[in-house]
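The values are calculated or read from the model by the stated rules, or taken from the named source; none is laboratory data. None of these values were measured; they are calculated from a predicted model. As a convention, Cβ positions derive from the backbone with ideal geometry for all residues, glycine included, and neighbour counts pool all protein chains shown. Accessible surface areas use protein heavy atoms only, side chains included; no ligands, DNA or RNA. Shrake-Rupley method; radii C 1.70, N 1.55, O 1.52, S 1.80 Å.
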Amino acid sequence: MTERMSEPISYGRRLSMLAATHPDKAAILFAPVEGPERTVTWAELDRATNRAARLLETHGVNERSMVVVGLPNWPEHYIATFAAWKLGALVLPMRSSLPVRERDQILAVGMPAVVVANWENVAFPLLTTADLARADSYSDAPHPDRVPHPGKSVGSGGSTGRSKIIVDPRPLAKIPMAPGESRNGLRPGQVQLIAGPLYHNSPFSWGHIGLFEDHILVLMERFNAARAIDLIERHRVNFAFLAPTMMKRILDEPGATERDFSSIEGIFQTAAPCPPWLKRAWINLIGGEKLHEGFGSTEAVGHTTIRGDEWLLHPGSVGKPPDDCDLRILDEDFTELPQGEVGEIFFRPHDPTPTYYYIGSPPVKTSPDGFMSVGDMGWVDAEGYLFLADRRVDLIISGGANIYPAEVEAALTEHPAIADVAVIGLPDDDWGKIVHAVIQPRDMASLPTLPTLDAHCRERLAAYKAPKSYEFVNALPRDDTGKIRRSAMASERADGNWSGIIRVKDAALR
């Protein structure tokens, strides 16, 4: 499409328009872990989503429904999502390999009308990929245009250990970008690499924005650094979202800096703080003007951005807020702090339209004048550039994934040999931070084995949330009220102060 539209259009209508414009053009190039790549054309994608929407409709899906999509990075993930959106439904992507208990907790909070996943023993109507394949018997004719309102949500373990769902209540419709327009390195008509899992907000959002903007998506079933480099070269990838862990692993590949990244027009990096050395290495690899970093939250209460060449003038910063929101650093009494002083990061969007609501949790912390925070800490310099002191007080960001200590602690405390536990994040060159469990056992003479603890956690949590190192202590440093300062414990261990501590670490769990 080349003309500039003036009114927002739905994602479903946009898909059908692009399919009519170039039916035989590739929309998705699927790169499986094993086997040959597979192409899904725009016409095939549009017809498949129309058929799948009619299948969902037979299960009662409509504008008031939630549809959970618990599939791996397969084309079927996009088919199920667009099918739900064409019916005006809300979509919740979920990790396909979640442990049953965690999976069922999130489902119980969301109460979906339909779950699209290859799962068993689900307490809600279930459609598998085999069911989607049998949807060929349904009509592929166009559907009445519907704008999902809301259309996107994200599941979270929550800082309290209780599952919650973050819903974006805004209509899922937008105006396509004008030819030649570019935002954070993304422009219409690009080839985009989808390297991250689709249950994460960033890969999910960037991929669907890309399809809306007439991208060809190069969809990796699972991230592999060597494969990613090959795909970038072979398909002349223009844009990609990458977490810092992915960026590091790509550069760790032998000869990576000698490979051809000349097609790259934009890399958007977020999900975790990027080490300065890694940022500089990527600036040297692709050019500072092509590397973009963003800071914000799934709640979308505000954000900052910074380009690589700008970052070189303000090293360590995550940028300034755009013209659509305000930023303040406040103390516990909502008093604004002076430049250079660390406090809690608050944003206030100029548009009063709500950007989120929670299912299963109270709203975020809000100041009397409407500034909102999700718990991140930082400071600003004299020019208004934001610097992070800590993404969240207790949150562990490992490989770009958010891990809440309370959730891991809740799982560990179920072990009969554990009397008390605190979970913290420790620095790691590869992951950014790793999950570390400090355990007070019931009997120091009879400690649980590491394989036993690991198996216990993986039965209850997603694998990436399981601790990668363990430590046993006689007592945890709780105060008179029972509180514990995880940040102080993490700082002590990060500084190498292990005096009087029995430490157990098994590299096999890495």
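When Leu313 is tested against (1) open to solvent by 70 Å² or more (accessible area, probe 1.4 Å); (2) closer than 26 Å to Lys152 by Cβ, just one condition goes unmet, and that condition is (2).
What about Ser202, is it polar (S, T, N, Q), closer than 23 Å to Ala401 by Cβ and open to solvent by less than 10 Å² (accessible area, probe 1.4 Å)? Judged against the criteria, Ser202 is not a match. In the range 57-106, the residue that is surrounded by the fewest Cβ atoms within 10 Å (Cβ to Cβ) out of those that are assigned to a loop (DSSP other than H, G, I, E, B) and hydroxyl-bearing (Ser, Thr, Tyr) is Ser97.
The number of residues in the range 254-276 that are of a type in the set (D, E, K, R) and crowded, with 16+ Cβ neighbours inside 10 Å comes to 1. Considering the range 376-410, the residues that are closer than 25 Å to Pro197 by Cα and part of a loop (DSSP other than H, G, I, E, B) include one that is most open to solvent (accessible area, probe 1.4 Å), namely Asp394. The condition of being β-branched (Val, Ile, Thr) and modelled with pLDDT under 95 holds for only one of Val393, Val380, that being Val393.
Quick test of your reading of the structure: Glu310 fulfils all but one of (1) closer than 29 Å to Asp324 by Cβ; (2) under 19 Å from the mean Cα position of the chain (by Cα); (3) modelled with pLDDT of 95 or more. Name the failing condition by number. Here Glu310 clears every test but (2).
Among the residues here, Pro416 qualifies as open to solvent by 50 Å² or more (accessible area, probe 1.4 Å), in contact (Cβ under 8 Å) with a residue 24 or more places away in the chain and in a loop (DSSP other than H, G, I, E, B).
As a summary of the residue check, Val301 satisfies the conditions (1) surrounded by fewer than 22 Cβ atoms within 10 Å (Cβ to Cβ); (2) closer than 20 Å to Leu386 by Cα except for the one numbered (1).
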